[in-house]
Amino acid sequence: MAGVRTTCPYCGVGCGVVAQADGRIAGDRDHPANFGRLCSKGAALGRTLGHEGRLTTPRLHGTAIGWDAALDHAAARFAETIAAHGPDSVAFYVSGQFLTEDYYVANKLMKGFIGSANIDTNSRLCMASTVAGHVRAFGEDVVPGLYADWEQADLVVLVGSNTAWCHPVLYQRLVAARAERGTRIVVLDPRRTATSEAADLHLPLAADSDVALFNFLLAHLAAEGQLDQAWLARHASGAEAALAAAGPADLDATAAICGIDPEALLTFADWFARTGRVLTVFSQGVNQSAIGTDKVNAILNCHLATGRIGRPGMGPFSVTGQPNAMGGREVGGLANQLAAHMRFDDADQRAALRNFWRAPRLPARPGLKAVELFEAMLDGRVRAVWIAATNPAASMPRAGRVRAALEACPFVVAADCWETDTTRRAHLVLPAAGWGEKDGTVTNSERRISRQRRFRDPPGEARADWWMFAALGRRMGWADAFAWPNAAAVFREHAALSGTQNDGRRLFDISGLAGLSDEEFDRLAPTLWPAPAGTAGERLFAAGGFATPDGRARLVPTPWRGAPAGEGPTLLPNPAPLPNLTVLLNTGRVRDQWHTMTRTGRIAALLAHVAEPRIAVNPADAAAIGLAEEGLAQVQTAHGAIILRTELRHAQRRGEIFAPMHWSDDFLSEGPVARLVRAHADPHSGQPALKSTPARLAPVAAGLHGLLLTQAAIAVPPPWHWVRQTLEAGHAHRLAWLGRAPRADALADLAARLLPAGEGLEWLEMTDPARHVLRLAALRDGVLEACLFLAADPAAVPEIAVMAPSLGERVDRALLLAGRPASAADDEGPRICACFGVGLKAVRHAVVTERLASVAQIGARLRAGTNCGSCLPELAQVLRDLGAGGASDGDASAGPPPAAGVPALATSA
Ligand code: SF4
């Protein structure tokens, strides 16, 4: 269809999208990242375009003001603070959601003109360890390979990456290639996830044991004579030291450290040794660790030692979580980087940058990294901060401490599209233009620069972030340096800088794009870097050419020193005399949500897959403390406590639990799980260890359970524990009254505090005091406006999915009060297929009654899995659970290799 070609704003795959102003979305068949595919999040982008709830005007202390007044105020407060306390007393905290142009302008202002390096980004939480590892090994932060390598490899090793859920389109490209060429897939992950569905081998290694595993692999490769000595002699240094640090290839000792089967480890090592085309993909499970940089280098060592890098189907491959983490790295968005991959520790590069910008001052040393930055706000070293396109009050580790830092800081600016946990704590709130409303570029995980194009107007007075920072710079006295008329002009300057005093010393060079006219920028096709004049990017490093003084890569010794203990084994006192267990808390993503849900949490279809955050617990651990499936449990760390419902998973290692990171104050009564997470950081990268916080797990008793559906948003009063779910026609709150049940005659009062009052409502009521049951419904002209189900027995409370279709509809009163669906079609259970709205119960019913035996047959019958493909692993699991496509071990994220007949992914319509 005709429309505007742009790029998906979610993950680092960077899929091309064709968008219509009316919100219709399709995958771009010509974009080399996705060739028309979109995952469930990308396919739902059109539903995020509504202006409801958007910030539309600047607000100072809650009062609307104009842009001039807002920016004058911000400039004055920043200037005053710098005059009184120096340039390091101010900071910017920005985002991998930024376009490269936003990043470039913010970085230029802070580092070149304010004269501090205190600009960091939420990408610090995502891939800073990869940046540090790349720089140590390659001399520069460079991803050597291309997405095509995923389809050309014979062995793909996925490390710490639930690719099926977090980078779905790349995963589907891999699965499709596997169907054609029989690619072997190995998953290294403490959890058995949806990604493991396609794996030939899953090694459930213990948290943070990756370094030991890859050191063993390096030693095994040497013992098997698989090192490429000729390549090493020409292109790399440090092999002997790395091998010495790796130690002997001790299979049993390594298997014991990793907590895995020695035979399985040996199988993996042999496959790696005997396969030329091997691609090692790594992500947050590697990066988000106190030893993340060593993990990265341990992986890179194996590829460098075998010369398997930069050729088709082989190499190490970092995938970024955010859409423009790569672009941020290119312009120096991290506090320890300069723009255009220039380095703080190179005086010539600092001088080149200062001259190019005509910068009055340029710091000689790195600034505060994310965790340090919020600590500095708390202790008064940073006294003015500008936070943009990110929600650290919900996403940073020790989020409670970050909230205290925001409240302690004398001046906080927050620019965003919607109100967030962070904007609520800002003095000055600025309305930002969002996806589809501004122009610029992003770079995806394979170094491909793509355009994000504007195809609709922003609401009210919302503006692009680069525009805000440029306006701030002009007001602070640097009018000439911040005078760009549009994003194209910013990009041209960024491209020209990349070629300045470069001479091939820095691989990031896009100076060939510096002369684009506005029209050419508008038409810019997806472009790989490096792109100096007359060239186009490709794979890198097959023949050396590393960005080190001698052009050789460095193998970095990564001795195994044990899993890092770090901060925080001390837990809060246990308030409940209940059995409890000490565990490691791992956090991460679910398939259909994004970050702190400011965008995806508004879309009912995306909450129908995973409707509430659950803690995954191994059944044996759960049995040890009396935790039941769907029971409530308290997770407590040194930093706080949270209550979540459980899901028992054999796929979860014993002693480790997993909780989703997304649910924020708007969706969960205790707020985000990030409040619990420790901030212990990798010493090289500053990336915090978000996946291994010591925690205590204990069951929690609830005396009363409930379900509340309302058309209008409401605030549930304490002491209810609640989880909110967005519905097509309103909101659902799943409720639990912690502790003893209130007296039966008190239920009516409790209900009155939950349900909306209103004139002209017809009330239906059903009670059963003996069972603490109360059911109330409010109708207007026969249409359901609100309903509440309370009961001591959770089984007497209907599921949200069963009742949600009745909200805003004419209802059968008897069925409603019975807590039954208005029609059989409304009782589908969790929504597996977000694209076509197919529920779990419908899939199971069709498999059983129609004897379906493959995901292809399910797709032909129900359409599930035939669009974005994000649900294919779950469909395969249903078949196994029902014995229709293989064996079953009875849990939704575990199982042997995949069901036969996984279809090639269909492109979106
Ligand atoms: Fe967007 Fe999904 Fe593509 Fe990621 S994989 S860029 S979320 S469509």
Quick one: ranking PHE92, PHE35 by accessible area, 1.4 Å probe, largest first, what do you get?
PHE35, PHE92
In nm, give the distance between the simple-model label positions of ILE65 and LYS841, each being 7 Å from the Cα along the Cα-to-Cβ direction.
5.5
Enumerate the residues in segment 638-678 having an amide nitrogen under 20 Å from the point lying 7 Å beyond the Cα of ALA628 toward its Cβ.
643-650
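Percent of accessible area on the chain owned by carbon and sulfur, 1.4 Å probe? Numbers along the way, then the final one.
Details: 15360 of 30050 Å².
Of the solvent-accessible surface of the chain, carbon and sulfur hold 51 percent.
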Which values of log₁₀ I(q)/I(0), to two decimal places, follow from the Debye formula for segment 698-796 at q = 0.10, 0.11, 0.15 Å⁻¹ with a uniform point scatterer at every Cα?
-0.26, -0.31, -0.58
Identify the residues of segment 114-138 with backbone N under 16 Å of a label point that sits 7 angstrom from the Cα of ALA404 along the Cα-to-Cβ direction, or state none.
none
Roughly how much of LEU266 is accessible, in Å² to the nearest 10, using a 1.4 Å probe?
50
Let me see the P(r) profile for segment 224-334: every Cα-Cα distance counted, bins of 10 Å, each bin given as a percent of all pairs.
12, 36, 38, 13, 2
Using only the Cα atoms of the chain, each taken as one equal point scatterer with no solvent, compute I(q) by the Debye sum, divide by I(0), and report log10 of the ratio at q = 0.05, 0.08, 0.09, 0.10 Å⁻¹.
-0.27, -0.72, -0.93, -1.17
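Determine the shape class of segment 283-413: with a ≥ b ≥ c the square roots of the Cα gyration tensor eigenvalues, call it rounded for a/c under 1.5, and otherwise prolate if a/b is greater than b/c, oblate otherwise. Show your work: numbers first, answer last.
On the way: a/c = 2.41, a/b = 1.35, b/c = 1.78.
Oblate.
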With θ taken as phi - 60° and the coefficients 6.51, -1.76 and 1.60, list the Karplus ³J(HN,Hα) couplings across segment 453-459 in order, rounded to whole Hz; mark glycine and proline as x.
10, 6, 10, 7, 7, x, x
Cα-based Rg (one decimal) and Dmax (whole number) for segment 398-446, in Å?
14.2, 41
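Distance cut-off 32 Å, Cα to Cα: go down the list LYS41/LYS691; LYS111/LYS438; LYS41/LYS295; LYS295/LYS369; LYS41/LYS111 and report the pairs above it. Mind dumping the intermediate values first?
Working: LYS41/LYS691 24 Å; LYS111/LYS438 25 Å; LYS41/LYS295 30 Å; LYS295/LYS369 20 Å; LYS41/LYS111 35 Å.
Among LYS41/LYS691; LYS111/LYS438; LYS41/LYS295; LYS295/LYS369; LYS41/LYS111, the Cα-Cα distance tops 32 Å for LYS41/LYS111.
Could the peptides 630-636, 15-21 be put in order, highest first, of the mean number of other beta-carbon atoms found within 10 Å of their residues?
On the way: 630-636: 20.6, 15-21: 22.6.
Answer by packing, highest mean first, reads 15-21, 630-636.
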CD proxy, 222 nm, the chain: helix-only mean residue ellipticity via -39,500 (n - 2.57) per DSSP H run with n ≥ 4, per residue, nearest 500, stands at -8000 deg cm²/dmol
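Ordering GLU656, GLU519, GLU419 by accessible area with a probe of 1.4 Å, largest first, what comes out? Don't skip to the end; give the middle numbers.
Working: GLU656 20, GLU519 110, GLU419 80 Å².
Ranked list, largest accessible area first: GLU519, GLU419, GLU656.
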Using a Debye calculation, one point per C-alpha and no hydration shell, please list log10 I(q)/I(0) for segment 647-737 at q = 0.10, 0.15, 0.23 Å⁻¹ in order.
-0.38, -0.78, -1.23
For a bin width of 5 Å, list the pair-distance distribution of segment 612-770 built from all Cα-Cα distances, rounded to whole %.
2, 8, 15, 18, 17, 14, 10, 8, 4, 2, 1, 1, 0
Please provide three numbers in whole Å: the alpha-carbon extents of segment 744-818 along the principal axes, with the largest listed first.
32, 26, 18
Hey, if you put +1 on the Cβ of every Lys and Arg and -1 on every Asp and Glu Cβ in segment 1-122, which of PHE78, GLY53, VAL90 ends up farthest toward the positive end of that dipole?
GLY53
With labels modelled as points extended 7 Å from the Cα through the Cβ direction, what inter-label distance (nm, one decimal) is found for THR267 paired with ASP793?
4.6
How high is the relative contact order of the chain, in percent, counting Cα pairs under 8 Å that sit 6 or more residues apart?
15
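For segment 142-205, state the average projected area of the convex hull of the C-alpha atoms over all orientations, rounded to one decimal in nm².
On the way: hull surface 17.0 nm².
Average of the hull's projected areas for segment 142-205 equals 4.2 nm².
Run the numbers for ARG743 and HIS650: contour at 0.36 nm per residue of separation, minus the present Cα-Cα distance, in nm. If you can, show how the numbers build up before the last one.
On the way: separation 93, 0.36 × 93 = 33.48 nm, distance 3.86 nm.
Length difference between fully extended and current span is 29.6 nm.
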Just name one of ALA481, LEU555, SER237: the one whose Cα is farthest towards the positive end of the charge dipole of the chain (beta-carbon charges, Lys/Arg +1, Asp/Glu -1).
ALA481
Cα-centred dipole magnitude for the chain, charges only on beta-carbon of K, R (+1) and D, E (-1), debye, nearest 20
740
Net charge of Cβ neighbours under 13 Å - reference LEU472; Lys, Arg +1; Asp, Glu -1:
+1
Rounded to the nearest 10 Å², what accessible area does ASP518 have for a 1.4 Å probe in the complete protein model?
60
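By the gyration tensor of its Cα atoms, with a ≥ b ≥ c the square roots of the eigenvalues, what is the shape of segment 395-523: rounded for a/c under 1.5, prolate for a/b over b/c, or oblate? Could you put the intermediate results ahead of the total?
Details: a/c = 1.84, a/b = 1.65, b/c = 1.12.
Because a/c hits 1.5 or more and a/b exceeds b/c, segment 395-523 counts as prolate.
How long are the semi-axes of the equivalent ellipsoid of segment 271-349, defined as square roots of 5 times the Cα gyration tensor eigenvalues? Whole Å, largest first. Please list the in-between numbers first.
Working: eigenvalues 145, 46, 35 Å².
Computed over segment 271-349, the values are 27, 15, 13 Å.
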Cα pair distances of segment 494-564 binned at 5 Å [whole percent]
4, 14, 19, 19, 13, 9, 8, 6, 5, 3, 1, 0
Counting only the heavy atoms of the protein chains, how much of ARG354 is accessible to a 1.4 Å probe, in Å² to the nearest 10?
90
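How large is the direction-averaged shadow of the alpha-carbon convex hull of segment 97-201, in nm²? Let's see the in-between values first.
Values: hull surface 34.1 nm².
Its Cα hull, projected and averaged over all orientations, spans 8.5 nm².
Leaving ligands, DNA and RNA out of it, rank MET766, MET314 by accessible area with a 1.4 Å probe, largest first. Mind showing how you got there, number by number?
Working: MET766 65, MET314 20 Å².
Ranked from most to least accessible, the order is MET766, MET314.
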Using the Kirkwood formula on alpha carbons, the hydrodynamic radius of segment 774-858 in angstrom works out to 14.4
Pseudo-spin-label distance ALA230 to ARG274, built 7 Å along Cα→Cβ, given in nm, is 2.3
For segment 578-667, calculate the relative contact order in percent as a whole number, restricting contacts to Cα pairs under 8 Å that are 6 or more residues apart.
42
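Would you mind working out the accessible area per residue for the chain, using a 1.4 Å probe, and quoting it in Å²? List each step's numbers first, then the result.
Details: 30050 Å² over 909 residues.
Normalised by residue count, the accessible surface of the chain is 33 Å².
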Charge dipole of segment 323-469 built from unit charges on the beta carbon (Lys, Arg +1; Asp, Glu -1), centred at mean Cα; most positive-end Cα among VAL429, ALA415, MET326 is MET326
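Expressed as cubic angstrom per residue, what is the convex hull volume of the alpha carbon set of segment 568-704? Before the final figure, lay out each step's value.
Details: hull volume 16.7 nm³, N = 137.
Dividing the Cα hull volume of segment 568-704 by its residues yields 122 Å³.
Dipole magnitude of segment 444-588 about its Cα centre, charges +1 at Lys/Arg Cβ and -1 at Asp/Glu Cβ only, in debye to the nearest 20?
My answer is approximately 280 debye.
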Cα gyration tensor shape of segment 113-163, rounded if a/c is under 1.5, else prolate or oblate by comparing a/b with b/c
prolate
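The values are calculated or read from the model by the stated rules, or taken from the named source; none is laboratory data. A quick note: this is a predicted structure, and the numbers were derived from the prediction, not measured. Positions of Cβ are generated from backbone atoms using ideal geometry, with glycine treated the same way; all protein chains shown enter the neighbour counts. What goes into the accessible areas is simple: the full protein's heavy atoms, side chains included, and nothing from ligands, DNA or RNA. Shrake-Rupley method; radii C 1.70, N 1.55, O 1.52, S 1.80 Å.
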